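Here the structure is laid out as structure tokens; the discussion comes afterwards.
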Amino acid sequence: MRTLWRQLGRFAVVGALSTVLHLALFALFHLWCTEQWANVVALTIATVFNTTFNRAWTFDVQHGSWVTHQAQAFGVFLVTWAATSGSLALLYVWDADPPVAIEVLALAGSTAVSTSLRFLVMRSWILPARALTDAPRLG
């Protein structure tokens, strides 16, 4: 049980940093492109960051291919992308020209929705090593 709580805490830290990265990059990229393009590019970068740090720090995975884990994480990315792009589309139905701050809030809310799913999928499928044991590392 201790491992689960440690993983949840670390996942929350990585998730918070990833969300800040996603939202900051979104605001930056939105200066040069549409909200949907800014979202997908920012979310892609944040997903790679998130998976890399969850792999190494949260789940202590030292086996398997980094590329394979990134590819698997992009399955969850699709859910997050659907949630975030959907929230932006709905926002634009309601307000044709919302301030960037409102767009960022919409993204933050929709990202929160997919976070629980991301933890469960990463813990059970993408990065399952050491997920169910408190056994110390040998060597």
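Mind checking the angle between helix 2-29 and the chain's longest principal axis? C-alpha axes, 0 to 90 degrees, to the nearest 10. Between helix and principal axis, roughly 30 degrees. Given that just one value was derived from the coordinates, which of (i) 107; (ii) 126; (iii) 97 is volume of the Cα convex hull per residue in Å³? Answer by label: (iii).
With K and R counted +1 and D and E -1, the other residues having a Cβ less than 15 Å from that of ASP95 yield a net charge of -3. Computed from Cα positions, the angle between helix 35-53 and the longest principal axis of the chain comes to roughly 10 degrees. Which percent of the Cα-Cα distances in region 1-51 go past 17 Å? Roughly 42 percent, rounded to a whole number. Take every Cα pair under 8 Å whose residues are at least 6 apart in sequence, average their separation, divide by the length of the chain, and the relative contact order is 31 percent. For ARG6, the accessible area of its heavy atoms, probed at 1.4 Å with every protein chain present, is near 90 square angstrom. Each of TRP66, PHE77, SER114 was placed along the dipole of region 1-127 (beta-carbon charges, centred on the mean Cα), and the one lying farthest toward the positive end is TRP66.
Report the local net charge at SER110: Lys and Arg +1, Asp and Glu -1, summed over other residues whose C-beta lies under 14 Å from its C-beta. Net charge around SER110: -1. Sequence-ordered 3J(HN,Hα) estimates for region 108-119 from the Karplus curve with 6.51, -1.76 and 1.60 and θ = phi - 60° stand at 4, x, 6, 5, 4, 4, 8, 5, 4, 4, 4, 4 Hz, glycine and proline given as x. Residue separation of ALA89 and PHE74 scaled by 0.36 nm, minus their Cα-Cα distance, works out to 3.3 nm of gained length. Charge tally for VAL48 (other residues, Cβ to Cβ under 15 Å; Lys, Arg +1; Asp, Glu -1): +2.
The values are calculated or read from the model by the stated rules, or taken from the named source; none is laboratory data. No experiment lies behind these values; they were computed from the predicted model shown. As a convention, Cβ positions derive from the backbone with ideal geometry for all residues, glycine included, and neighbour counts pool all protein chains shown. Just so you know, the surface numbers come from the protein's heavy atoms only, side chains and all, with ligands and any DNA or RNA stripped out. Shrake-Rupley method; radii C 1.70, N 1.55, O 1.52, S 1.80 Å.
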